[in-house]
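Student: Let me give you the structure first, and then I'll get to my questions.
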Amino acid sequence: MINMPYLKLNQPIGELYIGTLSVEQITSFSKVYRRQDDKENGIQRNLDKKRVKSIKEFSETSDAVFPTPIILSGKDKYVAIDDKTIHIDVEHIIFNNDYFSIVDGQHRIAGISESAMSKEFILPVILIFNTILPEDAQLFSVINGNQKPVSKSLIYELFSYSNNRSLERTGHIIAKELDSNPKSPFYKKLKMLGVVEKTSKEALLNRNLINEDPDETPLPSLSQGLFIDILIEYISKDRKEDNNRLLPKNNSLFSKIEPLEMYNNPKYIFREYFISENDDIIYLVIRNFFNAVKDLFPEQWNNKNSIISKSTGYTALMMLLAHRIYPKAKELDNYSRSIFRKLLNETLDPDIDRTAITSVNFGSSKAGSKKLYEYLIGERVL
């Protein structure tokens, strides 16, 4: 017998009983009815192993939290409800092989069950009684069909409210400064929340965000989310692991986690500065390098037809910085705008057609960025 204190809510679908149970308790009287295995009773999709692995890893971090309730549907003949407690007759559920259905939460249950922290979690649970299969299916589709992916730019924006050091928080601080500093090549060019507001030309002119020439319009052209994702690629090969190591060690399980360490891989050009908390150097390198690019591509930088300052161009130029330009600047111990301009002049193919750097020739994918990188250094022709 499982005894669960509860609160009752009345909603259009019926009466909901909210309480808390351990993962072990939940799995003792409920199961997943998958559509592929059970055409009559199944409503669930197949288990996504990658998602389970991600939840397992997250559950083992020191800031793991699962506030969204697991939704279970079953028959009320297996429960007794008094004023404060629901008594669940697990023995009869098992004997009759009449398990409650996990309507929502199968991946959380699977991931936490596989983790070393499975006994640590008490999860919020909603019990719904005496529903029929179409109602369970409708509930599942409403919950999962109406979820809208959250913009990464918004997620990174919210990292700024945390006091804990993290890769995303550093990325957001750098992106925000680049977008707000008039001396930055990305001044007013980053979509900080991933959304470009519809604004009249007159309003933009009043804010000094566009020029009279429509081909020289420095409107936001790169999302903060993508900017930070690419930046982190040159700091960390495992952002979850690194962020976990950065968290305050507030219990014995995480107190023995080792601090960040350097990689034996020259790709991660900003890692040493991140570890030593010299984020200002990361900012300086990016600002001066891209200002040098802007100097060499003055007609393309704010041209709406060019992709040099958009996602494809930014990704390709970060490849160029990491693999060709930064190593030479580091040898010189000089990260000035002028030295980056000099190194770019020495590295870029002198015969490239700057007007050809458009979406027609270079797609908006990693493959398109790699193609552009190779074109810039003369290893590919159009």
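Student: Restricting the search to the stretch 106-127, which residues are touching a Phe, Trp or Tyr at 6+ places or on another chain (Cβ under 9 Å) and either at pLDDT 90 or above or of a type in the set (Gly, Ala, Ser) (or both)?
Tutor: 108, 111, 112, 115, 123, 124, 125, 126, 127
Student: Additional query: Restricting the stretch 1-25 to residues that are free of Cβ contacts under 8 Å to residues at least 60 places away in the same chain and not in a helix (DSSP H, G or I), which is surrounded by the fewest Cβ atoms within 10 Å (Cβ to Cβ)?
Tutor: In this case the residue turns out to be 12.
Student: Yes or no: the stretch 145-156 includes at least one residue that is at pLDDT below 90, surrounded by 13 or more Cβ atoms within 10 Å (Cβ to Cβ) and at positive phi.
Tutor: No, the stretch 145-156 contains no residue that is at pLDDT below 90, surrounded by 13 or more Cβ atoms within 10 Å (Cβ to Cβ) and at positive phi.
Student: Select from the stretch 60-78 the residues that are in a loop (DSSP other than H, G, I, E, B) and among the small types (Gly, Ala, Ser) and write down the one among them that is farthest from residue 30 (Cα to Cα).
Tutor: 62
Student: Count, please, the residues in the stretch 37-61 that happen to be modelled with pLDDT of 90 or more and among the aliphatic types (A, V, I, L, M).
Tutor: 2
Student: Still on this model: Search the stretch 208-248 for residues being loosely packed, with under 13 Cβ neighbours inside 10 Å and at pLDDT below 90, and hand back the single one that is nearest to the chain's Cα centre (by Cα).
Tutor: The qualifying residue nearest to the chain's Cα centre (by Cα) is 248.
Student: Report whether or not residue 252 is modelled with pLDDT of 95 or more, among the small types (Gly, Ala, Ser) and part of a loop (DSSP other than H, G, I, E, B).
Tutor: Taking the combined requirement at face value, the residue does not satisfy it.
Student: Scan the stretch 79-96 and give yes if some residue there is assigned to a strand (DSSP E or B), modelled with pLDDT under 90 and assigned by TED's automatic domain parsing to the domain that holds residue 59, otherwise no.
Tutor: No; the residues of the stretch 79-96 include none that is assigned to a strand (DSSP E or B), modelled with pLDDT under 90 and assigned by TED's automatic domain parsing to the domain that holds residue 59.
Student: Would you check which residues across the stretch 177-196 are outside any loop (DSSP other than H, G, I, E, B), within 16 Å of residue 309 (Cβ to Cβ) and modelled with pLDDT of 90 or more and list them?
Tutor: Those that are outside any loop (DSSP other than H, G, I, E, B), within 16 Å of residue 309 (Cβ to Cβ) and modelled with pLDDT of 90 or more: 178, 179, 190.
Student: Kindly evaluate residue 285 against the criterion of being β-branched (Val, Ile, Thr) and farther than 23 Å from residue 381 by Cα.
Tutor: yes
Student: Among the residues of the stretch 85-126, write down those that are closer than 11 Å to residue 75 by Cβ and in contact with a Ser or Thr (Cβ under 8 Å, 6 or more places away or on another chain).
Tutor: Hits for the stretch 85-126 are 99, 100, 101.
Student: If you go through the stretch 21-28 one residue at a time, do you hit one that is at pLDDT below 90 and either in the same structural domain as residue 92 (by TED's automatic domain parsing) or aromatic (Phe, Trp, Tyr) (or both)?
Tutor: Looking through the stretch 21-28, none of the residues is at pLDDT below 90 and either in the same structural domain as residue 92 (by TED's automatic domain parsing) or aromatic (Phe, Trp, Tyr) (or both).
The values are calculated or read from the model by the stated rules, or taken from the named source; none is laboratory data. The model shown is predicted, which means the values in this text are computed figures rather than measured ones. Glycine gets a Cβ as well: all are built from the backbone with ideal geometry, and neighbour counts include every protein chain shown.
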